[in-house]
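Working notes, beginning with the structure itself.
The values are calculated or read from the model by the stated rules, or taken from the named source; none is laboratory data. Since this is a predicted model, take the numbers as computed values, not measurements. Ideal geometry is used to build each Cβ from the backbone, glycine not excepted, and the neighbour counts take in all protein chains shown.
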């Protein structure tokens, strides 16, 4: 996942429920390998088959069919996204209308609440405590809505606060451990200390941007949570007093100070960190491999994500990626749940890392992959996920919340507009989307 793409589900979510029931009948012999006595399970995934990710899905289905030969048969269909994020979402949209959804489908983690609230997916069959305990807490949290488990992540993700060890050593700055992160005040002082050093290197203390799209909320919502704030209520249906809270205003103003004090460049500079002209950088887990492969002279480290001054050990760091769920139309919930567990399980997770370099979703998978124990940077990302991972806001109007967060960052941090005014405008826009859910 080199760049984060988000599927806007406006058309899909406007449906508000399923109509009709025209699921295609498949009989033994119609599909190679499907035999008498087996329960047929259809599964859709969002990728191209000959990509590394697609190959993992194909292999997982094949191994599922081997394990459950005579009981279940899974039939996979690849429906890739296009450059605009459509394709797969368009297929889901049309199938919601026709009632022709598969038994199991993939969805991006932040969409679980939207899919559940709109009756597109249904709760999984009950998992034992042991089965649930195999998954990272962030995976269970991401897949849970209204106290029901709907989805299990096939992969997990994280963002690192990367640093150049040589620059920090030159500045006499020591990095704290994961349980004692820098506070926002401490980090601001560090950026000030680094400013003259980085000016000599024709750079900035921090390689940081507020890009359009899903990246902004993924990277920077942790500053909200670590400062005691939230973007939505627990049930996902209220933003007034949450999105526009005093705590969130403080966080937005903090980002504005970083820009005003020239600790970062307002315009993105390509490879600023990798070329040694920035001391810190926020980026996805893929950055470790990028540096190792293309910038071997960079002495890379991973620092704990920055927290608010009053942080008390709560979960707050970035997480979230694609997951499997059972559709609301399937009448084979036991078999669908078995397939969801298999596609997101240990074997699939190890294969996903080895083939596609996507982080797995289970503790055992991480333990089986040597690099997460032997390499300090990968280990730091795993520890961050397992101890402090926090899913993005769970709300049926997540696309609007994500867009509003990005727009707020841009207008306040880069545009210098009044924080409270911009937050209140965001609340109005989100409330317009929430209205239909509040009437139910």
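Identify the single condition in (1) crowded, with 19+ Cβ neighbours inside 10 Å; (2) in a helix (DSSP H, G or I); (3) under 15 Å from the mean Cα position of the chain (by Cα) that residue 386 does not satisfy, given that it satisfies every other one.
(1)
What do you reckon, is residue 143 farther than 23 Å from residue 302 by Cβ and either modelled with pLDDT under 95 or in the same structural domain as residue 298 (by TED's automatic domain parsing) (or both)?
Criteria not met by residue 143.
Would you check if there is a residue in the stretch 289-304 being under 15 Å from residue 412 (Cα atoms) and within 23 Å of the chain's Cα centre (by Cα)?
So far as the stretch 289-304 goes, no, none of its residues is under 15 Å from residue 412 (Cα atoms) and within 23 Å of the chain's Cα centre (by Cα).
Do you know which of the residues in the stretch 155-194 that are in contact with a strand residue (DSSP E or B) (Cβ under 6 Å, 6 or more places away or on another chain) and assigned to a helix (DSSP H, G or I) is nearest to residue 378 (Cα to Cα)?
Looking at the filtered set, the residue picked out is 165.
Return the residues of the stretch 54-74 that are closer than 19 Å to residue 88 by Cα and surrounded by fewer than 21 Cβ atoms within 10 Å (Cβ to Cβ); say none if nothing qualifies.
Result: 54, 55, 58.
Restricted to the stretch 359-374, and to residues that are surrounded by fewer than 23 Cβ atoms within 10 Å (Cβ to Cβ) and in contact (Cβ under 8 Å) with a residue 12 or more places away in the chain, which residue is nearest to residue 321 (Cα to Cα)?
363
Any residue in the stretch 417-440 that's under 14 Å from residue 118 (Cα atoms): show its pairings with residues that are part of a helix (DSSP H, G or I) at Cβ separation under 7 Å, as long as the two are six or more apart or on different chains.
Pairs that qualify, where the first residue is under 14 Å from residue 118 (Cα atoms) and the partner is part of a helix (DSSP H, G or I), are 433/400; 437/117.
For the stretch 285-312, which positions are loosely packed, with under 12 Cβ neighbours inside 10 Å and either touching a strand residue (DSSP E or B) at 6+ places or on another chain (Cβ under 6 Å) or under 26 Å from residue 184 (Cα atoms) (or both)?
310, 312 - these are the residues of the stretch 285-312 that are loosely packed, with under 12 Cβ neighbours inside 10 Å and either touching a strand residue (DSSP E or B) at 6+ places or on another chain (Cβ under 6 Å) or under 26 Å from residue 184 (Cα atoms) (or both).
Quick test of your reading of the structure: residue 37 fulfils all but one of (1) modelled with pLDDT of 95 or more; (2) in contact with a strand residue (DSSP E or B) (Cβ under 9 Å, 6 or more places away or on another chain). Name the failing condition by number.
The single condition residue 37 does not satisfy is (2).
Here is a yes/no grid of residues against (1) in contact (Cβ under 8 Å) with a residue 24 or more places away in the chain; (2) farther than 29 Å from residue 400 by Cβ; (3) in contact with a helix residue (DSSP H, G or I) (Cβ under 9 Å, 6 or more places away or on another chain); (4) assigned by TED's automatic domain parsing to the domain that holds residue 366:
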site	(1), (2), (3), (4)
167	yes, yes, yes, no
179	yes, yes, yes, no
192	yes, yes, no, no
196	no, yes, no, no
202	yes, yes, no, no
217	yes, no, yes, no
228	yes, no, yes, no
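Confirm whether residue 64 is within 12 Å of residue 339 (Cβ to Cβ), in contact with a helix residue (DSSP H, G or I) (Cβ under 9 Å, 6 or more places away or on another chain) and in the same structural domain as residue 90 (by TED's automatic domain parsing).
The answer is yes for residue 64.
Within the stretch 117-134, is there a residue that is in a helix (DSSP H, G or I), under 19 Å from residue 398 (Cβ atoms) and in the same structural domain as residue 326 (by TED's automatic domain parsing)?
Looking through the stretch 117-134, at least one residue is in a helix (DSSP H, G or I), under 19 Å from residue 398 (Cβ atoms) and in the same structural domain as residue 326 (by TED's automatic domain parsing).
State whether the residues of the stretch 232-245 include one that is at pLDDT below 95 and either within 18 Å of the chain's Cα centre (by Cα) or within 17 Å of residue 416 (Cα to Cα) (or both).
The answer is no, given that none of the residues of the stretch 232-245 is at pLDDT below 95 and either within 18 Å of the chain's Cα centre (by Cα) or within 17 Å of residue 416 (Cα to Cα) (or both).
Does the stretch 146-158 hold any residues that are surrounded by fewer than 23 Cβ atoms within 10 Å (Cβ to Cβ) and in contact with a helix residue (DSSP H, G or I) (Cβ under 6 Å, 6 or more places away or on another chain), and which are they?
149
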